[in-house]
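A.B. asks: Below is the structure I would like to discuss, written out as structure tokens.
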Amino acid sequence: MELPGYQRIAEAIRRALSSGTRVPRRAVVPFAGGQFLVMPAADDRLAIAKLVVVQPGREESVFAELWVKDLATGEVLHLPAEELTVRRTAALSLLAARTLAPKKRGALLLVGAGRQARGHLEAFHQGLDLTGVWVKGRSPERARRLLAHARALGLSAEPFTGAYPRDLAFVVTATTSREPVVSPDLPEGVFVAAVGSFTPEARELPKALVRRAALVVADTEDAIAEAGELVGLPRERIRILAEVLRGPPRVRGTVVFKSTGHALFDLAAVRAYLNA
């Protein structure tokens, strides 16, 4: 079965956020060198469980399994969890960018060069007007592969050397770093999707950048408790994406969208995949 496109998943996520479907918080089991996550969700059609092992520092730091039960037919499916996770995360960022980005056209800076960076490159290429791509990656070889993929999509692509492009409009941080991976002097009026770190002890963005952001948007209430970037911020500064979608605000300054992952979005991606 063909994987759904990013814009199709983004629309499925929009519908899920407006449906009122409630999903429990994921269970997190720590172990030496990583964490095991259990992420269940269900609606009137499907029940799903995603199992994730996260081991920062490894070449492939995340491994996932996704099981689905069709509640009407009783059929049980084992779906391509890792690719669907990449796609739903990038589709969520695309939905947020199309709703909140102050500039809808410009360059994209990818910090990280793994699967999530590749997914965001593809999603933003499909759903936004990119003028070029810049890549900052810990692994030179993976960064070269990502740059080559961007060029194969017809985009101008260069390694990031520290000087922000004048037309920078979008930044995606997709790393497992516990320390900030972008500088506090990021230009104003940029949309930032921070999708890598997901614990209170880790942060991909510096405090100074988050504090001056015109709007901080979390995907769900869980992200507020789990994201290191949001620790210590007044709750009234943080908008939930479902609320924003009901009445998008006019945004002029820097926008930080923090996503920590949630089974509701996996459920939406599964529905898009199964055309359910």
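A.B. asks: When the residues of region 46-84 are narrowed to those that are small (Gly, Ala, Ser) and in contact (Cβ under 8 Å) with a residue 60 or more places away in the chain, which ends up farthest from residue 4 (Cα to Cα)? Quick ask: steps written out before the conclusion?
C.D. replies: Step one: list which residues in region 46-84 are small (Gly, Ala, Ser), which gives 47, 49, 57, 61, 64, 72, 74, 81.
The next check asks that each one be in contact (Cβ under 8 Å) with a residue 60 or more places away in the chain; those that pass are 57, 61.
Numbers: 57: 30, 61: 24 Å.
Restricting to residues being small (Gly, Ala, Ser) and in contact (Cβ under 8 Å) with a residue 60 or more places away in the chain, the top hit is 57.
A.B. asks: Any idea which of 24, 4, 56 is surrounded by 16 or more Cβ atoms within 10 Å (Cβ to Cβ) and within 29 Å of residue 177 (Cα to Cα)? Show your work before the answer.
C.D. replies: Details: 24 fails: surrounded by 16 or more Cβ atoms within 10 Å (Cβ to Cβ); 4 fails: within 29 Å of residue 177 (Cα to Cα).
Selected residue: 56, the only one of 24, 4, 56 that is surrounded by 16 or more Cβ atoms within 10 Å (Cβ to Cβ) and within 29 Å of residue 177 (Cα to Cα).
A.B. asks: Sticking with this structure for a sec: List every residue pair whose Cβ atoms sit under 9 Å apart, with the two residues 6 or more apart in sequence or on different chains, where the first one lies in region 216-245 and is on the phi > 0 side of the Ramachandran plot and the second, anywhere, is surrounded by 23 or more Cβ atoms within 10 Å (Cβ to Cβ).
C.D. replies: From region 216-245, no pairs qualify.
A.B. asks: With the requirement that a residue be aliphatic (A, V, I, L, M) and assigned to a helix (DSSP H, G or I), what does region 71-94 give you?
C.D. replies: Taking region 71-94 and keeping what is aliphatic (A, V, I, L, M), we get 71-72, 76-77, 79, 81, 84, 86, 90-92, 94.
Matches in region 71-94: 81, 84, 86, 90, 91, 92, 94.
A.B. asks: When residue 103 is evaluated against the numbered criteria (1) at positive phi; (2) touching a strand residue (DSSP E or B) at 6+ places or on another chain (Cβ under 8 Å); (3) part of a loop (DSSP other than H, G, I, E, B), which criterion, by number, is the only one it fails?
C.D. replies: Every condition holds for residue 103 apart from (1).
A.B. asks: Could you tell me which residue of region 38-50 is nearest to residue 264 (Cα to Cα), considering only residues that are in contact with a Leu (Cβ under 7 Å, 6 or more places away or on another chain) and assigned to a strand (DSSP E or B)?
C.D. replies: Just the residues of region 38-50 that are in contact with a Leu (Cβ under 7 Å, 6 or more places away or on another chain), to begin with: 38, 41, 43, 45-48, 50.
Of the ones still in play, those that are also assigned to a strand (DSSP E or B) are 38, 41, 46-48, 50.
On the way: 38: 13, 41: 6, 46: 12, 47: 11, 48: 10, 50: 11 Å.
Once the filter is applied, the top-ranked residue is 41.
A.B. asks: Among the candidates 148, 163, which residue alone is at pLDDT 95 or above and not in a strand (DSSP E or B)? Give the derivation first.
C.D. replies: Details: 163 fails: at pLDDT 95 or above.
None of the other options fit; the residue is 148.
A.B. asks: Residue by residue through region 205-256, note down the ones that are closer than 24 Å to residue 168 by Cα, at pLDDT below 85, within 15 Å of the chain's Cα centre (by Cα) and assigned to a loop (DSSP other than H, G, I, E, B).
C.D. replies: Selection gives 219 alone.
A.B. asks: Filtering region 166-202 down to residues that are closer than 22 Å to residue 59 by Cα and of a type in the set (Asp, Glu), which residue is modelled with the highest pLDDT?
C.D. replies: From region 166-202, those closer than 22 Å to residue 59 by Cα are 172-182, 194-199, 201-202; that's our starting set.
Then keep just the ones that are of a type in the set (Asp, Glu); that gives 179, 201.
Working: 179: 89, 201: 76.
Checking each candidate, the answer is 179.
The values are calculated or read from the model by the stated rules, or taken from the named source; none is laboratory data. Keep in mind the model is a prediction, meaning the values are calculated, not measured. Because the Cβ atoms are built from the backbone with ideal geometry, glycine has one as well, and the counts that use them run over all protein chains shown.
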